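The structure appears right after this line, and notes come after that.
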Amino acid sequence: MKTAVIVFPGSNCDQDMYYAIKDGLGEEAEYVWHAETSLDGFDAVMIPGGFSYGDYLRSGAIARFAGIMPAVVRAAGEGKPVLGVCNGFQILLEAGLLPGAMLKNKHLKFICETVNLRVENNRTLFTSLYKEGEIIRIPIAHGEGNYYCDDETLRELRDQQRIVFTYAGENPNGSRAAIAGIVNRNGNVLGMMPHPERAADVLLGSDDGLRLFQSILNYWRESAHAAYTS
C-alpha cells in the first residue's frame, strides 16, 4: 500500500503520520506538498494535524483551496481511504467531504492530553480491528475541536452509523454528542480530532492508534485481492 501524506505550510504532524505508516505498518509512504495537483499511484491519503496556513480565517479554511485538494476530492470519490486528523479533519469539513463545522473549545483554551475514546462503529474500513464499544486511549491537541452540526445532520449521522468515535467520560472540548470522529456516506473518508499516529507505538504511551492504520491496510489488501481475482 502506497500512502500519500499531504504537507501544508504549518503542518506539524506529517512526520508522525509518515512514520506510523513506514515503521508501524512497514508500508510505503511519501510526503506530497500542498502545491502538487496529482495523487496518481497512491492507494490511501492522509491529511495530518498542525496549523495549515497559520489557521488564518479559521482552521482549514485556506488549505481547502490548496492545489492538491481537487486530487484529494477525486481520491475520495474513487473510494480510496482518506484520513484527516485534527487539522486534517478541519480541512475535510471545509472541503465539504464531511458535514459539520469546528468551533473553539468550550473553555476557549488549547487542550493537549490523552483521552478515552469509545469505538461506536467497528464496521468501517478504519475500525475493523477494534471491538464495538471498546475504550481506547488516544492523544488530542487542539484549540478548535468542538465539533458542531445541526439537528438534521446529527440524526443522519446517527441513523447511518457514521459516528465512529466519541469521547468516553469527559467531553474535553464540548463537541456535540461527544463526537470525536465521523465518516462520509460511503465510509471511505474519516475525520477525527484525536491523533492515532501519536498512539502507534507503546513507547509513545499507547499503541491503540496502530490498529486504525492496520485496519486500512487490511481493507486495501482485501480490495486488491478481490480486484486481482475478479
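Read the figures in this text as sums done on the coordinates, not as results from a lab. Remember, predicted model here, so these are calculated numbers, not experimental data. Cβ sites come from the backbone with ideal geometry, for glycine too, and all protein chains shown count toward neighbours.
In this structure, is residue 67 more than 13 Å from the chain's Cα centre (by Cα) and closer than 27 Å to residue 205 by Cβ? No. The lone criterion from (1) farther than 20 Å from residue 87 by Cβ; (2) more than 14 Å from the chain's Cα centre (by Cα); (3) basic (Lys, Arg) left unmet by residue 162 is number (2).
Within region 159-215, the residues that satisfy the criterion of being among the aliphatic types (A, V, I, L, M), farther than 16 Å from residue 19 by Cα and out of contact with any Ser or Thr (no Cβ under 9 Å at 6 or more places or on another chain) are 163, 168, 182, 189, 192.
Within region 31-72, being more than 26 Å from residue 125 (Cβ to Cβ) and either part of a helix (DSSP H, G or I) or among the aliphatic types (A, V, I, L, M) (or both) holds for 35, 53, 54, 55, 57, 61, 62, 65. Once region 36-58 is narrowed to residues that are polar (S, T, N, Q) and over 23 Å from residue 224 (Cβ atoms), the residue that is surrounded by the fewest Cβ atoms within 10 Å (Cβ to Cβ) is 37. Does residue 152 fit the bill of being more than 16 Å from the chain's Cα centre (by Cα) and either surrounded by fewer than 22 Cβ atoms within 10 Å (Cβ to Cβ) or within 21 Å of residue 59 (Cα to Cα) (or both)? Taking the combined requirement at face value, the residue satisfies it.
Checking each residue in region 120-144 for being over 16 Å from residue 183 (Cα atoms) and either touching a Pro at 6+ places or on another chain (Cβ under 6 Å) or among the small types (Gly, Ala, Ser) (or both) picks out 133, 138, 140, 141, 143. Pull up region 98-107, narrow it to residues that are of a type in the set (A, V, I, L, M) and surrounded by fewer than 20 Cβ atoms within 10 Å (Cβ to Cβ), then point me to the one that is farthest from residue 161 (Cα to Cα). The residue in question is 103. With respect to (1) more than 22 Å from residue 213 (Cβ to Cβ); (2) touching a Gly at 6+ places or on another chain (Cβ under 7 Å), the lone exception for residue 67 is condition (2).
Looking across 185, 176, one residue alone is surrounded by fewer than 20 Cβ atoms within 10 Å (Cβ to Cβ), among the basic types (Lys, Arg) and touching a strand residue (DSSP E or B) at 6+ places or on another chain (Cβ under 8 Å). It is 176.
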